[in-house]
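Have a look at the structure below, then the notes.
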Amino acid sequence: MYNTKRKLAIHAGEFQIDSINSVEDTKGNNGEKGSLAITNLRLVWICHRNSRLNLSIGYNAVLSINIRTANSRLRGNTQALYVMTKYNNSRFEFVFTNLVRQSPRLFTTVQTVYRAYDTSRLYRDLKLRGAIIKNKSLIMLPNEQLYNKVGGVWNLSSDQGNLGTFFISNVRVVWHANQAENFNVSIPYLQMAAVRVRDSKFGPALVIECQQRCGGYILGFRVDPAEQLSAVFQEIQSLHRVFATTPVFGVDFTIEEKSAPLEQLTVSRTTDDVEIDEQATGTDAHASYLAEGHTKREDREIVLAPELGLAMEKLPEGYTVKSLWQVV
């Protein structure tokens, strides 16, 4: 949250699907009206009054999306969109309220786009031993184009190696063992950190290094005959470069009405003159969205709170009873 304009801008392969002009960030900025842009990769909320108040929520961090009742300062008790996320072992909850009455657009669009994202993970996630091969043929994804099928490819993950087949498409490289179709791996170009040819105990091998975010796997393959190795390497390397320039993320959608581009949300906003609370600027903005109820493992130590004259759970480091009352 609270990103720079560069981070809010549309990236390669990202498209805006819809834009809703009157949406409240009910949990973190209750009472603040803003615009919610829905892209194929994330949700972007920007406050109308102060564009420095904003959120960028990638669908990859989303755990669940639900509709429940929330207390909005602008609409009172009303139906709102609850987005539960996980990032760096912490859970964050975001609540968005549509300020336009009798409009289900916020609920239907976000849920539909996230469902499209969630069901197209093979475009973006490395998959081991998946149901991706049938009758020794690759089960194609929508809009996937198969460029080459290469036999005689050995997977060097074991001492003796396993003979199999390569499928090279516009979004991924797939290998499967000839004797066991369920022994396979699907490697999207998005998860490839580097593609190289290296010497191994089996001779020259094609090595695919994966990103740390998907496990940092290093996968080695020997291609027979040896003269075919160079051609396969150049083809995969070339397709990897093309994908980096024009990525395909697999989120398919249909736009019924043309929405304003996201750039209008990030550039045209003006910041009003406001009084800045110096104490508030020192707090962690993420704290407003923490879903502690989902991460709390045990009760804290019981201590006496002299200000209240009551026993209570010990507050987290950096918090005081006075500061909590000031939030209210």
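The values are calculated or read from the model by the stated rules, or taken from the named source; none is laboratory data. None of the values given here were measured: they were computed from a predicted structure. FYI the Cβ positions are ideal-geometry reconstructions off the backbone, even for glycines, and counts take in every protein chain you see.
Points to keep in mind about this one:
- Strands (runs of 3 or more DSSP E) wholly inside the range 168-218 containing at least 1 residues that are more than 18 Å from R121 (Cα to Cα) and touching a residue at least 40 places away in the same chain (Cβ under 8 Å): 172-177, 192-200, 203-210
- Residues in the range 167-201 that are in contact with a strand residue (DSSP E or B) (Cβ under 8 Å, 6 or more places away or on another chain) and charged (D, E, K, R): R172, E181, R196, R198, D199.
- Look at the range 232-254: where a residue is at positive phi and a partner is of a type in the set (S, T, Y), sitting 6+ places away or on another chain with Cβ atoms under 7 Å, you get G250/S120; G250/Y123.
- Matching residues, the range 25-57, being under 20 Å from G250 (Cα atoms) and of a type outside the set (S, T, N, Q): A37, I38, L41, R42, L43, V44, I57
- None of R196, R222, R172 is of a type in the set (D, E, K, R), over 24 Å from the mean Cα position of the chain (by Cα) and surrounded by 19 or more Cβ atoms within 10 Å (Cβ to Cβ) except R222.
- Residue in the range 66-77 that is crowded, with 16+ Cβ neighbours inside 10 Å and at pLDDT 95 or above present: no
- Candidate set from the range 287-328 (those that are β-branched (V, I, T) and modelled with pLDDT under 70); member that is surrounded by the fewest Cβ atoms within 10 Å (Cβ to Cβ): V328
- Of all the residues in the range 152-177, those that are over 21 Å from I218 (Cβ atoms) and modelled with pLDDT under 95 number 1.
- Qualifying positions in the range 20-38 - out of contact with any Leu (no Cβ under 7 Å at 6 or more places or on another chain) and either among the acidic types (D, E) or not in a loop (DSSP other than H, G, I, E, B) (or both): N21, G34, I38
- Hits in the range 219-228 - residues which are of a type in the set (D, E) and part of a helix (DSSP H, G or I): E227
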